[in-house]
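Novice: Mind having a look at this structure? Questions to follow.
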Amino acid sequence: MLCMKGEAKPLKLFFAKQLGQDYSDKHLPTVYREVFSAHKISQNEKDTLAGTLNKFQSIVSFNFVPLSGPERHKLCTNISVMHDFKALEPIKSHLPQVYSEINKKAQVSDAGKLYLLDSIRGYQNV
């Protein structure tokens, strides 16, 4: 958004297919922790779901430099992990409530039906 408003200079946009981090039931993304807190999900179901999250990922990395403010001239990196909704087909029949909740969050794009699985942003520390 900062780049679109002229408040930052875009530098690099990078796409990758797989993240080096595996998700487990202890380190699930926020979107799933929210669903799990609203529904009763067994440990076995959480383990099954964690396995599906490690497939069909698309990573988008965007680097930019803010032109004003306290982070002025510091490189900022925003990394988003997008997940293909097709990866959730194995849980559709036995976790319909989770499937339905995530389906509401997924958006159709040229790349398929995706939703934001995880995101992180940080500034260069100089």
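Each value in this text was obtained by applying a stated rule to the coordinates, not by laboratory testing. Quantities reported herein were computed from a predicted structural model and do not represent experimental measurements. Cβ: placed from backbone, ideal geometry, glycine included. Neighbour counts: every protein chain shown.
Novice: Amide H of Lys9: which non-local residues (sequence gap of 5 or more, or other chain) have their own amide H closer than 5 Å, using H built in the peptide plane?
Specialist: Amide H neighbours of Lys9, under 5 Å, 5+ apart: Val65, Leu67.
Novice: Can you work out the Karplus-derived ³J(HN,Hα) for every residue in region 33-39? Use 6.51 cos²θ - 1.76 cosθ + 1.60 with θ = phi - 60°, whole Hz, and x for glycine or proline.
Specialist: 4, 5, 5, 5, 5, 8, 10
Novice: Another one. Please list, by residue number, everything in region 52-67 whose backbone N is under 17 Å from a paramagnetic label point 7 Å out along Cα→Cβ of Cys3.
Specialist: Hits in region 52-67 for Cys3 at 17 Å: 59-67.
Novice: Name the residue, out of Pro70, Pro90, Pro29, whose mean-square fluctuation peaks in a Gaussian network model built on the chain with Cα pairs under 10 Å.
Specialist: Pro70
Novice: Related question: For the chain, what is the calculated [θ] at 222 nm in deg cm²/dmol (nearest 500), taking -39500 (n - 2.57) for each run of four or more DSSP H residues and dividing by its residue count?
Specialist: -7000 deg cm²/dmol
Novice: Ordered by residue, what ³J(HN,Hα) values in Hz, to whole numbers, does region 59-76 give under the Karplus form 6.51 cos²θ - 1.76 cosθ + 1.60, where θ = phi - 60° and Gly and Pro are x?
Specialist: Computed from phi, the couplings for region 59-76 are 9, 10, 10, 10, 10, 8, 10, x, 9, 8, x, x, 9, 3, 6, 9, 5, 10 Hz.
Novice: Please identify every one of the trypsin sites (Lys or Arg not before Pro) in region 26-126 that sits in a loop by DSSP and has no more than 10 other beta carbons within 10 Å of its own beta carbon.
Specialist: Lys40, Arg72
Novice: Another question, then. Take every Cα pair under 8 Å in region 8-123 that's 6+ residues apart, average their separations, divide by the length, and report that relative contact order as a whole percent.
Specialist: Dividing the mean separation by the residue count of region 8-123 yields 30 percent.
Novice: Okay, moving on. Just need log10 I(q)/I(0) for the chain at q = 0.10 Å⁻¹, Debye formula, equal scatterers on the alpha-carbon atoms, no solvent, rounded to two decimals.
Specialist: Here the Debye-derived log intensity ratios amount to -0.39.
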